[in-house]
Amino acid sequence: MRHSTRIAVGPVQFRIGSDWAAPIAALDRLYAGYPQDEARPADATVRLFAARPWRRWLRPSVHIGGDFVVPDALPLPLSMGLLAAEMGMNLQVALGWRRHMLLHASAVAKDGRALIMSGESGSGKSTLAALLGEGDWRLMGDEFTLIDPASGDALAFPRAVSLKNEAIAAVAARVDVARLGPLLAGTPKGDIRHLIPRADAIAAMHEPARPALLLFPRFGGEASIEPMGEGEAFVRLTEASTNYVALGEAGFAALTRLVRETPAFGISYPDGAAGIALVEQLWADAAR
Amino acid sequence: MPDPAYRAAPPGALRFEPLGEVTAIFDRRSVQTHLVVSPMPEILEAMGAGDCDAATLAARLAARFDLDGVADVGAILNERLGELAAMGLVERA
Amino acid sequence: MGGRGPVSSAQTFVDLLAGRRDAATLAPRDWDGVIGVARSETMLATLAHRLKDSALPPTVAALFADQRAAAAVARQQALWEAEMARRALAPLGIEFVLLKGAAYAAADMACAAGRQIGDLDILVSEPDIRRAENALLKAGWEWVKADPYDDFYYREHMHELPPLIHKARDRMIDVHHTILPRTHRITPDALALMSDAVKRPDGFAVLNPADMACHCAAHLLADGDLQGGLRNLWDFHLMTRDFAAADAGFWGKLDARAELHGLRAAVRRAARLARDLYGSVLPSGWDGQDGSDVWYRRRLLARDDWGRVTRLLLEQAFYIRSHWLRMPPAMLAKHLWTKWRKKP
C-alpha cells in the first residue's frame with residue numbers, strides 16, 4: 001500500500017497500510033515511544049483503503065480491512081482515520097489472536113499484581129484505568145487484557161488509550177498535552193481523543209502481572225460493592241472474551257483458574273473520584 | 001412407551017470444575033463448555049458405563065441422595081436426560 | 001510461471017507449500033506478504049503445518065504454533081458437528097456421506113492438517129432429503145434466512161437445502177443431494193456417489209477416493225469462481241498423491257469416475273494446475289498442456305503483499321463464468337437482477 005507503518009503493542013506486531021498519508025502520520029506520532037523492530041514480521045495486518053481509487057480524494061472515506069474483515073462495517077471520513085486505524089487494530093486482535101485468552105477488559109498493575117476491569121463500553125473501565133495509570137499504577141491496557149493460559153498471568157496490551165466524551169476533559173486536565181492525540185469530534189462513538197500511556201507503562205509492557213482483583217464496573221448510581229461468585233464471573237468473562245471458544249480446553253483451564261484464584265466484585269459509582277476510591281478500597285483488601 | 005435409555009460420555013471426555021454454586025463442564029469431544037447446576041453433575045456421575053434409563057438412574061440416585069418427598073422423580077430425570085442429550089453430554093442409546 | 005522481477009508473495013507462498021523454496025531463505029520481512037496471502041486464502045494453519053520443522057524467525061514460529069493449536073480446536077468442533085448430525089439422522093436410518101473439510105478430517109487425510117473447515121457439508125440421497133430436513137429441524141437446527149426468493153432459488157436450482165444453523169451451537173449445515181447444482185450443465189451421478197461411498201470404522205461415510213477427487217475438482221473448477229482455489233487445489237494435490245501411493249490403479253479409476261460424472265475436463269485441469277503450482281506428479285497421458293490454464297494460474301495467484309485480490313477484472317470474469325456454469329443464461333439474468341434489486 002502507499003503508506004504504511006509498524007507498531008508493536010504488547011505481544012502483537014502490527015502492520016498498518018493506508019491509501020492516505022494522514023492516518024499513518026497520526027499513528028506514528030502516537031506510537032513514537034513504543035519499541036520498534038523493523039525486521040520483525042507482522043502478526044496482524046490492518047488496511048485502511050478507499051473503496052474506489054477516486055475516493056482517495058473525492059469525499060475520501062476510509063474502509064477498514066485486514067486479515068479479518070467485518071462485512072458490514074461502515075467507512076469513516078478521512079478526518080477520523082486515526083479511529084479507523086484503532087478499530088482495525090482492535091478487530092485484528094479480537095478475531096485473530098490465539099496465543100492468550102483475550103479479555104475485553106482494562107487493567108492496571110501494582111507490585112507485579114494486576115487489577116482487571118471488565119465491562120461494556122460506557123462502564124468507565126477505560127477511564128478508570130487511565131486515571132489510575134496517571135497515579136501510582138502501571139497502565140496495562142484500556143481495551144484488552146491478555147491471560148497467558150500456561151501461567152495464568154495477565155499480560156499488557158497498552159495501546160494508546162481511547163478517551164471518550166467527558167473522560168477527555170477529566171484526563172486532559174492531568175497530563176502534558178504532548179501525550180494527547182488530536183480531538184476527533186463527532187465520531188460514531190462520540191468525541192474521541194487518544195492518550196499516549198506513560199513511558200514507564202510502555203517500557204514495562206512485556207512484564208506479566210499476577211491477577212489479584214477482578215472488577216465489573218458500572219458507571220452511574222450510588223457507590224456500591226457487590227461480591228460476585230465464581231460462576232457469574234466465569235460467565236461474564238466468557239462473554240467478554242473474543243477467543244475463549246477458539247482456545248479450547250486451554251481457555252477453559254485458564255478461565256476457571258482465573259475466577260477461582262481472583263476475588264471478583266461488581267461495583268457501581270457515580271463519578272470518577274468515587275470509582276477510584278472504591279477501587280483503592282477493594283485493592284487494599286485484595287492485596288493484603 | 002418405555003422411557004428412552006441413554007449412554008454417558010466415554011471416560012475422560014468430560015472435565016468437571018465446580019465454581020461455587022455452578023459446575024463448569026468441558027466436553028473434550030465438542031470443545032464446548034456447559035454450565036450446569038444440581039442435579040446435572042450428579043446425574044452424569046451416576047450414569048455409569050452402560051445404557052441407563054430414568055428408572056435405573058432414580059434407583060442409583062436414591063441410594064446416595066434423599067429423594068423421598070420428590071414427586072415423580074422419573075419424569076424429572078427423563079426431562080433432565082433429554083436436556084443433557086440436547087447438549088450432547090449424553091447420547092440416546 | 002517464473003517471469004522476471006521479484007517473486008510475488010503468492011508465488012512464494014505456493015513455493016513454500018510445494019517444497020520448492022526453503023523457508024530459511026526468506027528475509028524476515030518476506031513473511032509479511034506470505035502470511036498475508038496465507039491468511040486471505042484461509043491457509044495460514046496449513047502453512048504452519050507444512051513448515052512445522054522448518055527454520056523460522058521466532059515470532060513466525062510462535063504465530064504458526066498458535067495457528068496449529070487453533071486449527072486442532074476447530075477440527076474437533078467440525079467433527080462434533082458431524083457427530084451431532086449422525087445423532088440426529090442415524091436413529092431414522094438416514095444414511096449420509098461427509099463432504100469436503102469434515103470428510104478429510106474424519107478420514108484423517110494429509111490435507112486436513114490445519115485445513116479450515118467451514119460449514120458441515122453432507123450428502124443425502126434425494127429421496128431422504130425431506131426426512132433429513134425434518135430430523136435436523138427437530139434436533140435444533142433452524143433456517144438461516146426466511147427470504148422467500150432465496151429459499152425458492154435453493155430448492156429449485158441448487159444442489160442443497162437452504163442452509164440450516166444450529167440454534168445452540170451456531171454452526172451451519174449444508175445438506176446436499178448431489179455435488180453440483182441441478183441447473184449446471186454437468187450432472188454428476190449422485191446415486192453412484194452415495195452407493196459407492198466408503199464407510200469408516202468410526203461410522204462416518206466418506207466418498208470413495210476417485211469420487212472425492214472428482215468432487216474436489218468440481219468444487220474447484222465447475223462449481224465456484226475459484227474463490228479459495230489455492231486451498232481446494234492443495235486438497236486435490238495431497239489427496240491424489242496419497243490415493244495413488246496407496247493404489248497403483250488410482251489414476252485410471254479417477255479417469256473412469258470423472259467420465260461417469262461428466263467431470264473429466266475439470267479433473268484433468270485440476271491435475272494440471274496442481275502439477276503447475278504444487279508439483280503433483282501425474283501419470284503419462286495426464287501430463288499435457290492446455291493454453292487456457294495460464295488464466296487459471298493467474299487467477300489463483302492474484303494476491304498482493306497485503307493479501308488483496310489483484311486483477312479485479314479477472315476475478316469478475318470468473319464470477320460471471322461461475323454463474324454461467326451453474327445456470328442457463330436466461331435464469332442467470334433473472335438471478336443477477338433479483339440479487340441486484342435486493343440491494344438497498
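With a Förster radius of 35 Å, plug the Cβ-Cβ distance of C:Glu126 and C:Asp290 into 1/(1 + (r/R0)^6) and report the FRET value to the nearest 0.05. For C:Glu126 and C:Asp290, the calculated efficiency is 0.55. Please compute how much accessible surface disappears when A pairs with C, both sides summed, using a 1.4 Å probe, and round it to the nearest 100 Å². Adding both sides of the contact gives about 1800 Å². Taking the Cα centre of the protein assembly as shown as origin, work out the dipole magnitude from +1 charges on Lys and Arg Cβ and -1 charges on Asp and Glu Cβ, in debye rounded to 20. Roughly 2800 debye for the protein assembly as shown.
Of the residues C:Lys100, C:Lys145, C:Lys138, C:Lys167, the one with the largest accessible area comes first in the ranking C:Lys138, C:Lys167, C:Lys145, C:Lys100, computed with a 1.4 Å probe on protein heavy atoms.
Computed with every protein chain present, the accessible area of B:Glu79 is close to 110 Å² [probe 1.4 Å].
Sorted largest first by accessible area at a 1.4 angstrom probe radius, with every protein chain in place, the residues A:Met205, C:Met172 fall in the order C:Met172, A:Met205. Helix A:21-30 versus the longest principal axis of chain A: what angle, 0 to 90°, nearest 10, using Cα atoms? Roughly 30 degrees between the two axes. Our estimate of slack between A:Gln36 and A:Trp54, defined as 0.36 nm per intervening residue step minus the Cα-Cα distance, is 3.1 nm. Extending 7 Å from the Cα toward the beta-carbon at both A:Asp72 and A:Ala277 defines two label points whose distance is 4.4 nm. If you take the square roots of the eigenvalues of the alpha-carbon gyration tensor of the protein assembly as shown and sort them as a ≥ b ≥ c, do you get rounded (a/c under 1.5), prolate (a/b over b/c) or oblate? Oblate. Once B binds C, the 1.4 Å probe can no longer reach about 800 Å² of accessible area, counting both sides. Between A:Glu239 and C:Val281, the simple label model (points 7 Å from Cα in the Cβ direction) yields a spacing of 5.8 nm.
With protein chains left intact and a 1.4 Å probe, residues in segment B:6-86 average 49 Å² of accessible area per residue.
Projecting the Cα atoms of B:Ser38, A:Pro11, A:Ser151 onto the dipole axis of the protein assembly as shown, where Lys and Arg carry +1 and Asp and Glu carry -1 at the beta carbon, places A:Pro11 farthest toward the positive end. Among A:Ala284, A:Ala114, A:Ala223, which residue has its Cα furthest toward the positive end of the charge dipole of segment A:101-286, with +1 on Lys/Arg Cβ and -1 on Asp/Glu Cβ? The residue sitting farthest along the positive end of the dipole is A:Ala114.
Cα centroids of segment A:47-73 and segment B:1-27: 48 Å apart.
Stretched out straight at 0.36 nm per residue, the stretch from A:Ser121 to A:Glu249 would grow longer than its current Cα-Cα span by 43.2 nm.
DSSP bridge analysis restricted to the protein assembly as shown gives an antiparallel fraction near 75%, rounded to the nearest 5. Residue separation of C:Asp196 and C:Asn134 scaled by 0.36 nm, minus their Cα-Cα distance, works out to 19.8 nm of gained length. When chain A is treated as a Gaussian network with alpha carbon springs shorter than 10 Å, the biggest mean-square fluctuation among A:Ser241, A:Ser151, A:Ser61 belongs to A:Ser151. Apolar share of the accessible surface for chain B: 56 percent from carbon plus sulfur atoms, 1.4 Å probe. Return the subset of C:Lys52/C:Lys145; A:Lys189/C:Lys145; C:Lys138/C:Lys253; A:Lys125/C:Lys145; C:Lys138/C:Lys199; A:Lys164/C:Lys145 for which the Cα-Cα distance in this structure is over 32 Å, preserving the input order. Pairs exceeding the cut-off: C:Lys52/C:Lys145; C:Lys138/C:Lys253; A:Lys125/C:Lys145; A:Lys164/C:Lys145.
What's the center-to-center distance, using Cα atoms, between segment B:57-93 and segment C:87-102 in Å? For segment B:57-93 versus segment C:87-102, the Cα centre distance is 29 Å. I'd like the FRET efficiency for A:Ala172 and B:Glu83, computed as 1/(1 + (r/R0)^6) with the beta carbon distance as r and R0 of 41 Å, rounded to 0.05. E(calc), rounded to 0.05, equals 0.15.
The distance from the alpha carbon centre of segment A:272-287 to that of segment C:12-62 is 48 Å, rounded to a whole number.
The values are calculated or read from the model by the stated rules, or taken from the named source; none is laboratory data. If you're wondering where the values come from, they're calculated on a predicted model, not measured in any experiment. A quick note on method: Cβ atoms are made from the backbone with ideal geometry, for glycine too, and the neighbour counts reach across all protein chains shown. For accessibility, only protein heavy atoms count, side chains too; no ligands or nucleic acids. Shrake-Rupley method; radii C 1.70, N 1.55, O 1.52, S 1.80 Å.
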